[in-house]
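> Quick one: this structure, given as structure tokens, is what I'll be asking you about.
The values are calculated or read from the model by the stated rules, or taken from the named source; none is laboratory data. What you see is a predicted model, and the numbers here were worked out from it, not measured in a lab. With ideal geometry, Cβ positions are generated from the backbone for all residues, glycine too; neighbour counts draw on all protein chains shown.
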Amino acid sequence: MIYVLGSLNMDLVAQVKRMPKAGETMYAERFYTGCGGKGANQAAAVAKLGGRVAMIGCVGDDAFGRTMKDNLASYGADVSYIRETSGSSGVALITVEKGDNRIIIDGGANLRLTNAQVDEALGQAKSGDILVAQLESAPEIVAYAFARAKEKGMVTVLNPAPARPLSQDLLRHVDVIAPNETETEILTGVNPKNEAHLALAVKHFYDMGIRHVIVTLGDKGAAVSVGREITYIEPRKVKAVDTTAAGDTFVGTVCVYLDRGKDILTACRYASVAASITITRPGAAASVPTAAEVEKVVAEEGIEL
Ligand code: RIB
């Protein structure tokens, strides 16, 4: 069983030819809303790939909140630990320019998550279950949840996005960390621009007490550390329409395959395929592929896992 602790945001997306200058008003090429939030996207990824998942989070008592909860439930996720709170839901203002996104978040209900909610949700969790979190929730709550998870013998996965300083309290309970390049640099002070720098960044994470490091490298793929060895996973070449939720798809997929008993490298290879499909379509949770879609690409392209 996989528990996702994190955010649910309604994404308000404008697809633009170029970013406006200060003081300039311009038309978007296309506008759409969609269910997002790093937590909810990861929960959607787990559910769409056939994993058992429960989402721990908060929505507001507004139409966005109800839509996001229903949407996640429609993928098969357990939404009973999503609390409806008074006030607005989390919102993300997103621009997509030539496939790349820029995101501004208003945390809203996501910042109303409580320790009591964590206790209730993890009450049923068992040793070997997975808890994954990101940093769109208060870091103290994530730290609390990871401490509870480790007491239960769970496996903890941290996607430190968006990056912010991490306390010792949180770090000592992280089993697997999955940052992107920017987050790696913010957390370790090293930009993983080449193999030597990546090895140095990974060493920093090891020194923090984290056993497994997965660095997602955008269109350069991903790097996975197993013991002292770092393995690069080449990306599938696809035309990027919208990269939103690619990282979330990657993290959610890793959790699914770890939960199925696969090793971390194999889990990352599946994750790389899943994320490559996500970026070929617009949107966040909606763009995450199903298990059948991933398996089809693996079979058709003879990808070794
Ligand atoms: O990782 C993508 C997500 O980041 C978007 O769905 C947006 O809601 C923000 O949380």
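> Is it true that R164 is over 30 Å from Y32 (Cβ atoms) and among the basic types (K, R)?
Here the answer is no, as R164 does not meet what is asked.
> With Y257, Y270, Y232 as the choices, which residue is aromatic (F, W, Y) and surrounded by fewer than 21 Cβ atoms within 10 Å (Cβ to Cβ)?
Just a single option satisfies the conditions, and that option is Y232.
> Given the residues G252, G283, which is the only one that is crowded, with 16+ Cβ neighbours inside 10 Å and in contact with a Cys (Cβ under 9 Å, 6 or more places away or on another chain)?
That would be G283, the only listed residue that is crowded, with 16+ Cβ neighbours inside 10 Å and in contact with a Cys (Cβ under 9 Å, 6 or more places away or on another chain).
> For A92, indicate whether it is in contact with an Asp or Glu (Cβ under 6 Å, 6 or more places away or on another chain) and at pLDDT below 95.
Here the answer is no, as A92 does not meet what is asked.
> Report, by residue number, each residue of segment 83-96 that is assigned to a strand (DSSP E or B), within 30 Å of E120 (Cα to Cα) and more than 11 Å from the ligand (Cβ to nearest atom).
R83, E84, T85, listed by residue number.
> Do we have F146 as touching a Leu at 6+ places or on another chain (Cβ under 7 Å) and assigned to a helix (DSSP H, G or I) here?
Judged against the criteria, F146 is a match.
> Out of A40, A28, I need the residue that is touching a strand residue (DSSP E or B) at 6+ places or on another chain (Cβ under 7 Å) and under 30 Å from G153 (Cβ atoms). Which one?
Every option except A40 fails the conditions.
> Here's another thing I want to ask about it. Among the residues of segment 180-188, are any in contact (Cβ under 8 Å) with a residue 40 or more places away in the chain, assigned to a loop (DSSP other than H, G, I, E, B) and under 18 Å from the mean Cα position of the chain (by Cα)?
No: segment 180-188 contains no residue that is in contact (Cβ under 8 Å) with a residue 40 or more places away in the chain, assigned to a loop (DSSP other than H, G, I, E, B) and under 18 Å from the mean Cα position of the chain (by Cα).
> Of the residues L131, L72, only one is assigned to a strand (DSSP E or B) and under 18 Å from the mean Cα position of the chain (by Cα); which?
L131
> Another question about this same structure. Could you look through segment 97-138, keep only residues that are closer than 17 Å to G153 by Cα and in contact with a Cys (Cβ under 8 Å, 6 or more places away or on another chain), and pick out the one that is nearest to the ligand (Cβ to nearest atom)?
V132
> While we're on this one: Quick check on my filter: what residues within segment 31-61 are away from the ligand (no atom under 16 Å from the Cβ), over 20 Å from A121 (Cα atoms) and surrounded by fewer than 24 Cβ atoms within 10 Å (Cβ to Cβ)?
G50, D61
> Shifting gears a bit: Give segment 1-51 a look and list any residue that's touching a Ser or Thr at 6+ places or on another chain (Cβ under 8 Å) and among the acidic types (D, E), or say none.
The answer is D11, and nothing else.
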